[in-house]
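No value in this document is a laboratory result; all are computed from the given coordinates. Computed from a predicted structure; not experimentally measured. Please note: Cβ atoms are built from the backbone with ideal geometry, for glycine as well, and neighbour counts cover all protein chains shown.
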Amino acid sequence: MSPPQASQDFMILHHFEASPFSEKIRLVLGHKRATWHSVHVPRILPKPDLMPLTGGYRRTPVLQIGRDIYADTRLIVREIDRRLPTPPLVPAAQAVSVRALESLGDQQMFLAAIPVLLSADGQRALTAQLGADGLAAFRADRAALFASGDAGAPDAQFSASIWQPSLMALEAQLAGRAFVLGAAPTLADFALYHPVWYVRGNTGVADALNAYPAILAWAERMAAIGHGNPQPMESTDALAVACDAPDFEPLMSAIEPSLAWAAGQRVQVAATDYGSDPVEGQLVHADTERVVIEREAAGLGRLRNHFPRHGFHVAPAGSVSGHRSPSSSVYTETAS
Ligand SMILES: N[C@@H](CCC(=O)N[C@@H](CS)C(=O)NCC(=O)O)C(=O)O
């Protein structure tokens, strides 16, 4: 094992242990042999020490570097890759495959895994882990999460249409390959692995993966990558880091001229799929991959919030509430 890669950057990951998207990032940090700071956030709302940083964005994980806050693993991964380019996560010759497989893992397999976890067998294991009240609180929280945005909570039919066919395809893809696109892991591996990790971590449903020996062997290789060098940090210390940071991180460029917005415009940015609470601020940067807003955070001064363009909607401030009425969902129905 070589020593941790030196980094000038003070990366703080706000995450919780059982979060699949956090596991995606923890492993990317491990792959980069990064030293990073680890702040545990609550699994369900409220998140009183996170919200001042994110301006209302509630999803997990979040990356913080000083007074710059990065939402969504699609952007977090690219930010880590930009700062720690070796080994590369998106080899140029595989860029299209990586991008497509990232969406399969993050947008389809993750959502398809949820009804698997909430099946009768999965719920038994979750009850043993969280207690009946803990599970009820978790389900109510996630029902509210999926009440905004256009994805809706995934149901058993959606899950059946995605989960097994994707596992079968992944099993075939891994035949004779150590990783999804060849001998070395790429972002495709991290994005496809975290939903598998989620299901594998639930003793009620993990056995169903025994039908996929190549996936299990790959999962062992993925787990062996590890999490790099995490340094535990208190959430209040992360707030102090934001407050004390002398300046923002340098922006890569000005607003890309073909886009519809102007620097200084007040906008709100919200996820389109779920957890669509809008974050409001002044636009300071936008390009084809990311949008950055600046806002005043009570007690912390001015912060910058970075979002990926993919999966987020930018609109003039005050125009979108982000919410729709909760409806019946996999979180509110009884497992059969
Ligand atoms: N597209 C987001 C999805 C993140 C996501 O769905 N995370 C889950 C946890 S794994 C979440 O936010 N759950 C609600 C919460 O943590 O408040 C990303 O890539 O970061």
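Can you tell me the equivalent ellipsoid semi-axes for the range 92-224? Use √(5λ) from the Cα gyration tensor, largest first, whole Å.
Working from the Cα gyration tensor, I get semi-axes of 27, 18, 12 Å.
Using the 10 angstrom Cβ neighbour count as an exposure proxy, how do 306, 313 rank, fewest first?
Values: 306 23, 313 19.
Neighbour counts put them in this order, fewest first: 313, 306.
Arrange the following residues from fewest to most other Cβ atoms within 10 Å of their Cβ: 23, 289.
Fewest-to-most ranking of 23, 289: 289, 23.
Under the rule of -39500 (n - 2.57) per DSSP H run of 4 or more residues, summed and divided by the residues of the chain, what mean residue ellipticity at 222 nm is obtained, to the nearest 500 deg cm²/dmol?
-12000 deg cm²/dmol
Using only Cα positions of the range 4-153, each an equal point scatterer, no hydration layer, compute I(q)/I(0) via Debye at q = 0.14, 0.15 Å⁻¹ and quote the log10 values to two decimals.
Log10 of I(q)/I(0), two decimals: -0.79, -0.90.
How big is the antiparallel share of DSSP beta bridges in the chain, given as a percent to the nearest 5?
On the way: 30 of 41 bridges.
Rounded to the nearest five, the antiparallel share is 75 percent.
Give me the percent relative contact order of the range 92-224, please, defined on Cα pairs under 8 angstrom at least 6 residues apart.
39 percent.
With the crude spin-label approximation of a point 7 Å out along Cα→Cβ, what separation in nm comes out for residue 93 versus residue 216?
Taking the simple label geometry, residue 93 and residue 216 are separated by 3.3 nm.
Need one number: nm distance between label points at residue 265 and residue 243, each 7 Å from Cα along Cα→Cβ, rounded to one decimal.
Distance between the two pseudo-spin positions: 3.5 nm.
Tell me the net charge near residue 303. Cut-off is 13 Å between Cβ atoms, residue 303 excluded, with +1 for each Lys or Arg and -1 for each Asp or Glu.
-3
Give me the number: length gained by fully extending residue 289 to residue 128, i.e. 0.36 nm times residue separation minus the C-alpha to C-alpha distance, one decimal in nm. Walk me through the numbers before you get to the answer.
Working: separation 161, 0.36 × 161 = 57.96 nm, distance 4.17 nm.
Fully extending the segment from residue 289 to residue 128 adds 53.8 nm.
Using 7 Å Cα-to-Cβ label points, what is the residue 319/residue 18 separation (nm, one decimal)?
3.9
Fewest first, what order do 203, 35 take by the number of other Cβ atoms within 10 Å?
Arranged by neighbour count, lowest to highest, 203, 35 become 203, 35.
Given a Förster distance of 30 angstrom, what is the FRET efficiency for residue 120 paired with residue 172, based on the Cβ-Cβ distance and rounded to 0.05?
The computed FRET efficiency comes out at 0.50.
By what distance, in whole Å, do the Cα atoms of the chain stretch along each of the three principal axes, largest value first?
Reported extents, whole Å, longest axis first: 54, 48, 40.
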